[in-house]
Amino acid sequence: MINCKPATTPMNVNEKLQQNDGAEMADAFMQCSSRDHFGAAKRVMRYIAGTIEYGIWYSKVSDFKLCGFTDSNWVSSLDDRRSVSANVFTLGLGVITWSSKKQATVVLSSSEAEYAATTSAACQAIWLQRMLTELQHEQEGATVIFCDNKATISMTKNSTFHSRTKHIDIHFHFIRDLVAEEEFSLSYCSTHEQWADILTKALSKEKFCYFRAMMGISKFESRGSIED
């Protein structure tokens, strides 16, 4: 792969991977891989080869305010129809944590998938808040988490259980208490400004590069040594 043609993005927007029809659902792609799986892995290697000099650039700022972005990709898995949760957290102008994980259960709507992703982001934010407090950088005010689903934001602020939401696992609703206690503040952002979208699915070249730049990831033309 040393002399391979670099890829601009790690995933193909027109490609959907799934397990072979004859394989058991518990088998992983590596155990039952096909030509498509090998091609997808090769594309990731081509992306790494083309971005080997990229890294996260942290700039000096006066206000180290914790901020988060959360998103989901509803029923993204073609095999078990489970969704993907993703979140990104920044401190100042740099990304400090990021996560992309398949949800444990199948949900019935995109709003539920976003709600589960938001709850997962809240758990991560709690851990980050406690860590910053131990480092003597206690956060003042509510931690803002950006979400691009208005229905999800409404669900976290409405304490009434409607017929369409009462079947959601009760542990997801703990975020309502956090919002009510002003531990967190959920704010709406458009899909075009949702950084966590880069971790949920394959994106076009333009959108992928835009989100990557917004997260502070850029090419270091010349990296100095530790002594410098």
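Results, tabulated for the structure shown:
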| item | result |
| --- | --- |
| Qualifying residue in region 156-170 (condition: modelled with pLDDT of 85 or more and of a type outside the set (Gly, Ala, Ser)) | no |
| Complete set of residues in region 177-198 that are assigned to a helix (DSSP H, G or I) and modelled with pLDDT under 90 | ASP177, LEU178, VAL179, ALA180 |
| Pairs with Cβ under 6 Å, 6+ apart, first in region 87-109 and on the phi > 0 side of the Ramachandran plot, second of a type outside the set (Lys, Arg) and not in a strand (DSSP E or B) | GLY92/VAL61; GLY92/PHE64 |
| Test result for ASP71, closer than 24 Å to SER190 by Cα and either modelled with pLDDT of 90 or more or not small (Gly, Ala, Ser) (or both) | yes |
| Qualifying residue in region 31-43 (condition: part of a loop (DSSP other than H, G, I, E, B), in contact with a His (Cβ under 9 Å, 6 or more places away or on another chain) and either outside the structural domain of SER204 (by TED's automatic domain parsing) or at pLDDT 85 or above (or both)) | no |
| Meets criteria (free of Cβ contacts under 8 Å to residues at least 40 places away in the same chain and in contact with a strand residue (DSSP E or B) (Cβ under 9 Å, 6 or more places away or on another chain)) for GLN136 | no |
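The values are calculated or read from the model by the stated rules, or taken from the named source; none is laboratory data. Since we're looking at a predicted model, the values are computed, not measured. We place every Cβ from the backbone using ideal geometry, glycine too, and count neighbours over all the protein chains shown.
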